[in-house]
Amino acid sequence: MLAVVASLGGLILLGQGGGVEASEIKVLSAVAMRAALDELAPEFERQTGQKVAITYATAGVLRDRIQGGEMVDLTILPRPAMDPLVMQGKIAPGTVTIFARSANSVAVRAGAPKPDISTVEAFKRAMLAAKSVAYADPARGGGSGIHFASVLARLGIVEEMKPKTKLTPGDESVQLVAKGEAEIAVVNTPVILREPGVELVGPLPAELQNTTDFVFFAGVGATAKEPEAAKALINYLVAPAAARVIKAKGLEPR
């Protein structure tokens, strides 16, 4: 039985009956995309009969895994992690597509006072006044943590922040805030919006954002077992219907 999935911009043949099993698309995605993909992937599965298996981790960890030879059908990574994979031939030529853009933001525990971060100077004062600040460990490849560390250096407050810094392997910074173990978390906006018990204060001031590195790309692995299904998934993720979900999750569609 052939099912035509028009929203994907093409035809996907779904094996039904006759003992034909649907293929599984292996996806490695930066953890900041979890909220959007966890909603979009099940609908793609429902429409197409394809299975989507997603593993989330920091961009640096996933980059290293792919560079080390791990097979992936589709990966979604920010520019600093995706670019070297393209240059090394780990991503199939012509398949890289912008998926979404993200900003770094501040979170506090639900109900807690929200600091003023409206300007660079206000943000600096808020960081110095905070009892503790959690963010992804730059050494583990967390893009938001790498960026925030550079912000602290730019503001000249690295040494002042060291005693009250709580580093996490990935996006666990918001969990520390939710449990009252950290006062502030600095992380990608969608991570904040999907975590119960925390509230979004707002994005870092525009002057402290990185609009280049936090563009997330989707690309098909050079050794993908399901390249056509992966391409269909990309088409689905960049369609107008998906854009509404992406925006609702705190990201900016391409």
(request) Could you state the angle between the C-alpha long axis of helix 227-237 and the longest principal axis of the C-alpha atoms of the chain, as a value from 0 to 90 degrees rounded to the nearest 10? (result) 50 degrees
(message) With a cap of 16 neighbouring Cβ atoms within 10 Å, and only residues DSSP puts in a loop, list the trypsin sites (Lys or Arg not before Pro) found in the range 47-151.
(response) Lys131
(request) Starting from the Cα of Lys90, draw a straight line to each of the aspartates and glutamates and keep only those under 12 Å, dropping any in the same chain fewer than 8 residues away. (result) Asp64, Glu70, Asp73
(request) Considering only Ile157, Ile25, Ile234, give the residue with the highest GNM mean-square fluctuation for the chain, with springs between Cα atoms whenever their separation is below 10 Å. (result) Ile157
(message) Need the list of lysines near Lys114 for cross-linking: C-alpha distance under 16 angstrom, and skip anything on the same chain fewer than eight residues off.
(response) Lys124, Lys131
(message) Cβ neighbours within 10 Å, averaged per peptide: list 190-199, 163-172 in order, most packed at the top.
(response) 190-199, 163-172
(message) As an exercise, take the mean of 1/r over every pair of distinct alpha carbons in the chain, invert it, and state the Kirkwood radius in angstroms.
(response) 19.0 Å
(request) Enter the angle in degrees (range 0 to 90, nearest 10) between the Cα long axis of helix 34-48 and the first principal axis of the Cα atoms of the chain, meaning the one along which they spread out most. (result) 10 degrees
(request) Compute the distance in nm between two label points, each set 7 Å from the Cα along the Cα-to-Cβ direction, one at Glu70 and one at Ala122. (result) 4.1 nm
(message) With only alpha-carbon atoms in the gyration tensor, what are the semi-axes of the equivalent ellipsoid for the range 104-208, in Å, largest first?
(response) 18, 16, 13
(message) On C-alpha positions alone, give me the angle between the axis of helix 143-155 and the longest principal axis of the chain, in degrees, nearest 10.
(response) 30 degrees
(request) May I ask you to derive the relative contact order of the chain, considering only C-alpha pairs under 8 Å and at least 6 residues apart, and to give it as an integer percent? (result) 29 percent
(request) Using only alpha carbon pairs under 8 Å that are at least six residues apart, calculate the relative contact order of the range 104-208 and give it in whole percent. (result) 46 percent
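Every read-out reported here was derived from the displayed coordinates using simple, explicitly stated rules and does not represent laboratory data. None of these values were measured; they are calculated from a predicted model. Every residue, glycine among them, receives a Cβ derived from its backbone with ideal geometry; neighbour counts consider all protein chains shown.
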